[in-house]
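This report refers to the structure that appears directly beneath it.
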Amino acid sequence: MKQNLSGHRRDFLKQAGLLSLATLLPFKGFSTFPINRFKMGLQLFTIRDAMKRDPIGSLKTVASLGYEDLELYGYDVGKGSYYGYKASDFKRILDDLQLTASSGHYGFSDYFEQPLDQLKRYTDQCIEGALILDKHYITWPWLHPDYRTLDNFKMLSDKLNRIGEQVNDAGLGFAYHNHDFEFTEHGGETGYDIILRETDPTLVKLQMDLYWVIHSSKMDPAELIANQPGRYVMWHIKDMDKITRDYTELGNGSIDYIKLLSTIPKNDLEYYYLEQGGNFAENSMKSITDSAAYFKQHLQKYL
């Protein structure tokens, strides 16, 4: 009995000492500020003009605005480079700025009519570049207008499954990004219907562009998520001009993101990216500045 009391006393003194030390150190667990689950992300296509002129200076500004994670575009498979820098050098640039790149949009549409062995080779090159940057996802971002028929959406679904298996085997995730054209009806059926039905959910995840869903789909984002559990792992967040329905800076448009982000299911979400494809009030860098400020003040607390 004496030994147990002594042990309890030692445990008490140890815990008391730790508690005393805790009073002297900052402890984020008791912060009065909300802890965000996700990094604030940016799709770099938004500032494609600035990235072309001055990649490093643009990225420094991006980081200073509070963006932490990026989705890239424009990987040069022939040179193995991003924005003119070898992938390994670009990784060091991101590391120095404490930025990560969790996903990338790649030019798969250019290989839609190419033999499968060429598509496979291109996918291998994309995988190589993605692994160097420690990306988590490779994303098919777009389908050329010439290919947007129901038969071609069936072909697309087969290609997505093939690429998804190849990318998954390399230890990465694969996703498809929607625009508006997938929701166009062809005899009562849409291309998106085919993609959802004919792709393997374990191989092909989905990147939901919230703007385009609200713009063109008969279903709202929450309904799509409910119908495809486990698939919508990434979102694009951008606002819609109240008159033209074109892009606009966050907070200037018609989408009620406070209501949307405070209620939409987030169990499957892994990454999100703010984006504005064009129609800038002044210029792209000013737009990502204004959108970041609005997002941090009004929306980030929901993510």
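The values are calculated or read from the model by the stated rules, or taken from the named source; none is laboratory data. A quick note: this is a predicted structure, and the numbers were derived from the prediction, not measured. Side chains are part of the model used for accessible areas, which takes the heavy atoms of the whole protein and leaves out ligands, DNA and RNA. Shrake-Rupley method; radii C 1.70, N 1.55, O 1.52, S 1.80 Å.
Between the helical axis of 87-96 and the longest alpha-carbon principal axis of the chain there is an angle of about 40 degrees. Of the residues Gly66, Gly80, Gly188, the one that moves most in a GNM of the chain with alpha-carbon contacts below 10 Å is Gly188. When the Gaussian network model of the chain links Cα atoms closer than 10 Å, the mean-square fluctuations of Pro265, Pro141, Pro115 top out at Pro115. Using the alpha carbons alone, the radius of gyration of the chain stands to its Kirkwood radius in an Rg to Rh ratio of 1.07. Two decimals is fine: what is log10 I(q)/I(0) at q = 0.19 Å⁻¹ for region 158-263, from a Debye sum with one equal scatterer on every Cα and no solvent? Normalising to I(0) and taking log10 leaves -0.99. Here the chain exposes an accessible surface that is 52 percent carbon and sulfur, computed with a 1.4 Å probe and the other protein chains kept in place. Using C-alpha pairs under 8 Å with a sequence gap of at least 6, the mean separation divided by the residue count of the chain gives a relative contact order of 17 percent.
Out of all DSSP beta bridges with both ends in region 123-227, state the antiparallel percent to the nearest 5. The answer is about 20 percent antiparallel. The residues of the chain present an accessible area of 51 Å² per residue when probed at 1.4 Å with all protein chains retained. Region 131-153 and region 258-286 have their alpha-carbon centroids 20 Å apart.
Of all lysines in the structure, those lying under 19 Å Cα to Cα from Lys301, and not within fewer than 8 positions of it along the same chain, are Lys28, Lys39, Lys238, Lys259, Lys266.
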